[in-house]
Amino acid sequence: MAAAASPDAVRSDHQRPQGDARANAVVADAVPHVRLAGVGKSWQRKLDTFVALDNIDLCIGRSEFVSIVGPSGCGKSTLLMVIAGLIASTHGSVYVDGAPVERPLTDIGIVFQRDLLFEWRTVLDNVLLQAEVRGLDKAASRTKACDLLAKAGLAGFESRYPHELSGGMRQRVAICRALLHECRLLLLDEPFGALDALTRDQMNLDLQRIWSEERQTAILVTHSIEEAVLLSDRVVVMGARPGRIVHSVAIDLPRPRTVQVREGAAFGHYYAEIRGAIEHA
Ligand SMILES: Nc1ncnc2c1ncn2[C@@H]1O[C@H](COP(=O)(O)OP(=O)(O)OP(=O)(O)O)[C@@H](O)[C@H]1O
Ligand SMILES: [Mg+2]
């Protein structure tokens with residue numbers, strides 16, 4: 001566990017790999033990329049106050065890949081939206097690069113469960129929408145978009161329309177759009193939830209490749225423990241009522257990871273630990 005930089009509510013220090021270079025790099029970062037300090041979020045429901053998030057402390061290092069898992073309704077999406085500045089917390093603070101988040105962040109990439117592609121725009125034009133909205137250089141953005149699409153296995157599909165693509169291909173286009181503007185922070189809310197198992201495997205590998213080349217800080221919300229372990233440097237487990245962090249596990253598996261890593265004993269131990277934490281949350 002990155003003790004100096006990660007005062008998570010609950011830790012799994014015995015899981016921290018001694019020789020994990022990435023983990024040590026996180027410790028070395030003086031200012032964590034993302035820091036949540038005592039974050040709480042309550043919703044007012046008629047006469048009741050519903051506590052969606054309670055006293056969340058979490059530090060995420062630059063270029064770290066962190067997954068958040070937990071039962072439905074425990075506040076995962078709310079947490080992501082609070083980090084993005086799209087929902088204001090009622091307690092505590094979120095810091096990105098040491099600065100408090102007080103309004104929606106513009107220099108991040110977000111991918112939602114639904115791909116939100118525009119059906120009347122081609123694949124390339126859907127990705128380039130990001131550049132249009134931000135007023136980025138057209139030629140450079142076009143080059144970058146084609147490069148991202150190629151990395152995502154979509155070379156040759158630039159002129160297709162969304163209805164000509166599979167669900168997995170559509171999600172890859174959405175991810176490329178989120179990455180077009182060189183964001184250093186990527187927030188992913190169950191982006192692959194609707195996909196079949198084989199497509200999801202492929203998407204996981206595609207995301208791993210893109211992330212390892214671009215090295216954004218990534219926060220992935222997922223219901224899949226396997227997906228979380230496969231992709232992450234660290235898996236954070238949340239419990240419900242109130243939504244809180246109950247466990248955190250550093251994943252010390254060599255990269256790049258293939259889907260076969262799931263057959264190994266280490267993977268099985270991580271899976272069992274996370275599953276147990278969810279069940280006892
Ligand atoms: N705008 C809102 N008003 C009132 N309550 C809300 C609002 N948004 C979310 N909630 C409540 O906050 C809790 C957490 O919701 P959230 O969507 O963050 O859960 P989640 O962990 O993402 O669930 P899932 O895994 O099903 O997507 C839920 O009980 C939900 O009903
Ligand atoms: Mg959600």
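The values are calculated or read from the model by the stated rules, or taken from the named source; none is laboratory data. In this text the structure is predicted, and so the values were computed from the model without any measurement. Don't worry about glycine lacking a Cβ; one is built from the backbone with ideal geometry, like all the others, and counts go over all protein chains shown. SASA here: full protein model, heavy atoms, side chains in, ligands and nucleic acids out. Shrake-Rupley method; radii C 1.70, N 1.55, O 1.52, S 1.80 Å.
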Exercise. Has region 223-242 got any residue that is in a strand (DSSP E or B), in contact with a strand residue (DSSP E or B) (Cβ under 9 Å, 6 or more places away or on another chain) and surrounded by fewer than 24 Cβ atoms within 10 Å (Cβ to Cβ)?
Worked result: yes
For this session: Scan (1) among the aromatic types (Phe, Trp, Tyr); (2) within 30 Å of SER248 (Cα to Cα); (3) away from ligand 1 (no atom under 16 Å from the Cβ); (4) in contact with a Lys or Arg (Cβ under 9 Å, 6 or more places away or on another chain) for the single condition PHE192 breaks and write down its number.
Result: (3)
Problem set entry | Filtered residues of region 62-101 (kept if part of a loop (DSSP other than H, G, I, E, B), away from ligand 1 (no atom under 13 Å from the Cβ) and over 20 Å from ALA228 (Cα atoms)) | GLY85, ASP97, GLY98, VAL101
Exercise. Does any residue of region 186-209 turn out to be open to solvent by 10 Å² or more (accessible area, probe 1.4 Å), over 20 Å from ARG257 (Cβ atoms) and over 19 Å from the mean Cα position of the chain (by Cα)?
Worked result: yes
For this session: Count, please, the residues in region 36-61 that happen to be of a type in the set (D, E, K, R), surrounded by fewer than 22 Cβ atoms within 10 Å (Cβ to Cβ) and assigned to a strand (DSSP E or B).
Result: 4
Exercise. Do we find that VAL123 is at pLDDT 95 or above, in contact with a helix residue (DSSP H, G or I) (Cβ under 7 Å, 6 or more places away or on another chain) and under 24 Å from LEU220 (Cβ atoms) in this structure?
Worked result: yes
Exercise. Just wondering, is there one or more residues in region 149-162 that are in contact with a strand residue (DSSP E or B) (Cβ under 9 Å, 6 or more places away or on another chain) and buried (at least 22 other Cβ atoms within 10 Å of the Cβ)?
Worked result: no
